[in-house]
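For reference, the structure discussed in these notes is given below.
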Amino acid sequence: MTTRLQAALDDVHHAGVPGVIAAVRDGDRTWSGASGVADLATGRPVTADMRHRVGSVTKTFTAAAVMLQVEQGHIRLDAPIGDYLPELVPGERGRRITVRMLLNNTSGIPDYLAYAFPSLQGFPTRLDVSTRSLDDNRFRTFRPAELIEMGLSAPPVGEPGGPTGVYSNVNWLLLGELLERVTGMPAEECITRSVIDRAGLRHTGFPKGTEVEGPHSRLYEAFYGLIDPPRDYSVYDMSWVGVAAALVSTMTDLNRFYARLLAGEVVSPASLAEMQRTIPATALDGSPIQYGLGLHRVDLGGSTFWGHDGTVWGSGTMSLTSADGERQMSVSVNLIRWNRPDASGRPQPHPIDGAMKALYQRALCGEDLNGHAEDPAGATV
C-alpha cells in the first residue's frame with residue numbers, strides 16, 4: 001500500500017468525512033484504500049471493495065447507451081426529441097430540442113428537484129427552508145413522466161441549443177424514456193446489457209429496492225448544516241433520479257469502465273469523439289464545468305482528465321481518467337454537502353475541501369504508485 005496515498009485518504013477522514021474510499025491506477029499499477037467508518041453508530045470500518053451510490057456518474061453510462069443506439073441507426077443525434085417522444089415533449093419545444101441538446105444539457109429545460117422536494121425551494125438565498133421533503137420522499141416512487149412534467153412546467157433556463165448548458169436531470173430522464181422507446185425494454189435493462197455488461201463490470205447495477213445490495217456504507221447527508229447531526233439516507237427509493245443518478249458501483253469498477261470507454265471499447269471512437277465535444281455549462285450548485293455528452297473535462301496539473309462526479313443524498317463520488325488512459329482515480333465519500341452557508345447563503349470553505357483537493361492532486365498528479373513525487377503546481381479541481 002502506498003503510504004502517501006493512504007495518508008491523503010486519512011486526512012479526508014480526519015477533516016470530517018466519516019468514511020472515504022479510493023481506487024487509483026497509474027499504468028499497470030493499481031492501489032485501493034479506505035479510511036474511516038461505514039457506520040457512525042457501530043464504528044464498522046469502510047473497506048475498499050464496498051459498493052456505493054455514485055450519483056450522476058450514472059449519466060456517462062446512460063450517454064454511452066444512447067450513443068450505441070446512434071451507432072445502430074435507431075437514434076439520430078441531431079433529431080428533435082419530439083420525433084421520438086411527442087407525448088412527453090410536445091409542440092415547438094419537441095421540435096426545437098434535439099437528442100444532442102439533452103446529452104449536453106443545452107435543452108433549456110430546468111431541473112425538477114425544487115418541485116419534487118418542495119421544502120427545499122428558495123435555498124440557498126433563503127436560509128429558513130426545511131429538509132422535510134427528504135424524509136417525505138424516502139419511500140416515494142416517482143414515475144419518470146411525473147418528474148419530466150415538473151421540469152417542463154417550470155420557466156425555461158435557456159433557449160434550446162444555446163452556447164452554454166444548464167445541468168438538468170430532466171434531460172437524462174427523457175433520454176431514459178428515449179432508450180425505452182427505441183429498444184422496447186426498460187432503460188435500466190438497456191444500459192445494463194449494452195454498457196455495464198459490455199464493460200465487464202461485476203459490481204455495478206441499478207438498485208432493485210430501497211437498499212444497496214452487498215457490502216456498503218451508511219450515507220450521511222448534512223445539507224449545508226441544515227441537518228445536524230447529518231442523517232443516514234442509505235435506505236432510499238432512487239426513482240427520484242432513475243437513469244440520471246441511481247447507479248451503484250465500486251471504485252474499481254468505475255476505473256474499469258472509464259478506462260474501457262476512453263479506449264474505444266464501449267462506444268466507437270467516433271461516438272467517443274462526440275462525447276468529448278464540450279461546452280461551458282453550469283452545474284446544479286452553480287459551479288462552471290466543461291461538459292460534453294455525459295462527460296466532464298477537467299484540466300489538472302497540466303493534464304486533461306475525463307469523467308464525471310455525482311451526489312445523491314448522503315453520497316458523493318468523483319471518477320477521473322487521464323486523456324491517455326494511463327492515470328485514474330475514483331473516490332467516494334459517505335458525507336455530502338458539509339459546507340455551511342454564511343448570512344448571504346454562500347457555502348463557506350470547510351477543512352474537508354482542502355483535504356479532498358489534496359487527495360485528488362496526490363492521486364492524479366502528485367505521486368506515482370512507486371512513491372515518486374511529481375510537480376502538482378497549478379493544479380486546480
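Please enumerate the residues belonging to segment 228-250 that are aliphatic (A, V, I, L, M), touching an Asp or Glu at 6+ places or on another chain (Cβ under 9 Å) and part of a helix (DSSP H, G or I).
Val243
All but one of (1) under 20 Å from Thr192 (Cα atoms); (2) in contact with a helix residue (DSSP H, G or I) (Cβ under 7 Å, 6 or more places away or on another chain) hold for Phe305; which doesn't?
(1)
When you go through (1) in contact with a helix residue (DSSP H, G or I) (Cβ under 9 Å, 6 or more places away or on another chain); (2) touching a residue at least 40 places away in the same chain (Cβ under 8 Å) one by one for Asn334, which number turns out not to apply?
The failed condition is (1).
Answer with yes or no whether Gly310 is touching a residue at least 24 places away in the same chain (Cβ under 8 Å), under 24 Å from Ala222 (Cβ atoms) and either surrounded by fewer than 19 Cβ atoms within 10 Å (Cβ to Cβ) or within 13 Å of the chain's Cα centre (by Cα) (or both). Walk me through it before giving the result.
Numbers: touching a residue at least 24 places away in the same chain (Cβ under 8 Å): yes; under 24 Å from Ala222 (Cβ atoms): yes; either surrounded by fewer than 19 Cβ atoms within 10 Å (Cβ to Cβ) or within 13 Å of the chain's Cα centre (by Cα) (or both): yes.
Yes: the conditions hold for Gly310.
Checking the structure you have, find out if any residue of segment 276-289 is polar (S, T, N, Q), touching an Asp or Glu at 6+ places or on another chain (Cβ under 8 Å) and surrounded by fewer than 21 Cβ atoms within 10 Å (Cβ to Cβ). First the steps, then the outcome.
Here is the first cut: in segment 276-289, the ones polar (S, T, N, Q) are 276, 278, 282, 287.
Those left that are additionally touching an Asp or Glu at 6+ places or on another chain (Cβ under 8 Å): none.
No, there is no match, as no residue in segment 276-289 is polar (S, T, N, Q), touching an Asp or Glu at 6+ places or on another chain (Cβ under 8 Å) and surrounded by fewer than 21 Cβ atoms within 10 Å (Cβ to Cβ).
Answer yes or no as to whether Phe123 is farther than 16 Å from Ala63 by Cα, at pLDDT below 95 and aromatic (Phe, Trp, Tyr).
Values: farther than 16 Å from Ala63 by Cα: yes; at pLDDT below 95: yes; aromatic (Phe, Trp, Tyr): yes.
Answer is yes for this residue.
Step by step: first the residues of segment 212-258, then only those that are closer than 23 Å to Ser319 by Cα and of a type in the set (Asp, Glu), then the one that is surrounded by the fewest Cβ atoms within 10 Å (Cβ to Cβ). Which residue is that?
For segment 212-258, the residue satisfying everything is Glu213.
Going residue by residue through segment 148-162, is there one that turns out to be small (Gly, Ala, Ser), assigned to a helix (DSSP H, G or I) and exposed (fewer than 14 other Cβ atoms within 10 Å of the Cβ)?
Of the residues in segment 148-162, the ones small (Gly, Ala, Ser) are 151, 153-154, 158, 161-162.
Now drop any that are not assigned to a helix (DSSP H, G or I), which leaves 151, 153.
Those left that are additionally exposed (fewer than 14 other Cβ atoms within 10 Å of the Cβ): 153.
Yes: one or more hits.
Contact list please: Cβ distance under 9 Å, first residue in segment 39-55 and farther than 19 Å from Ala22 by Cβ, second residue among the hydroxyl-bearing types (Ser, Thr, Tyr) and modelled with pLDDT of 95 or more, pairs at least six apart or on different chains.
Asp39/Ser217; Leu40/Tyr220
Pairs needed: first member in segment 200-214, more than 12 Å from Thr252 (Cβ to Cβ); second member anywhere, exposed (fewer than 12 other Cβ atoms within 10 Å of the Cβ); C-beta distance under 9 Å; at least 6 residues apart or different chains.
Pairs found: Thr210/Phe139.
Regarding Arg138, is this residue over 20 Å from Ala245 (Cα atoms), surrounded by fewer than 19 Cβ atoms within 10 Å (Cβ to Cβ) and of a type in the set (Lys, Arg)?
Values: over 20 Å from Ala245 (Cα atoms): no; surrounded by fewer than 19 Cβ atoms within 10 Å (Cβ to Cβ): yes; of a type in the set (Lys, Arg): yes.
Criteria not met by Arg138.
If I ask for residues that are surrounded by fewer than 22 Cβ atoms within 10 Å (Cβ to Cβ) and part of a helix (DSSP H, G or I), which ones from segment 189-202 would you list? Explain how you work it out, then say what you get.
Restricting attention to segment 189-202, the residues satisfying the condition of being surrounded by fewer than 22 Cβ atoms within 10 Å (Cβ to Cβ) are 189, 192-193, 197-202.
The answer is Glu189, Thr192, Arg193.
Identify, by number, the condition in (1) on the phi < 0 side of the Ramachandran plot; (2) in contact (Cβ under 8 Å) with a residue 12 or more places away in the chain that Gly16 doesn't meet.
Unmet condition: (1).
Please find, within segment 306-346, the residue that is modelled with the highest pLDDT out of those that are assigned to a strand (DSSP E or B) and farther than 25 Å from Ala244 by Cα. Full working, then the answer.
Here is the first cut: in segment 306-346, the residues assigned to a strand (DSSP E or B) are 306-312, 315-322, 327-333, 335-336, 341.
Going one step further and asking which of them are farther than 25 Å from Ala244 by Cα, we end up with 327, 341.
Details: Arg327: 96, Pro341: 87.
Among residues in segment 306-346 that are assigned to a strand (DSSP E or B) and farther than 25 Å from Ala244 by Cα, the one modelled with the highest pLDDT is Arg327.
The values are calculated or read from the model by the stated rules, or taken from the named source; none is laboratory data. Since we're looking at a predicted model, the values are computed, not measured. For neighbour counting, all protein chains shown are included, and Cβ atoms are generated from backbone atoms with ideal geometry for every residue, glycine included.
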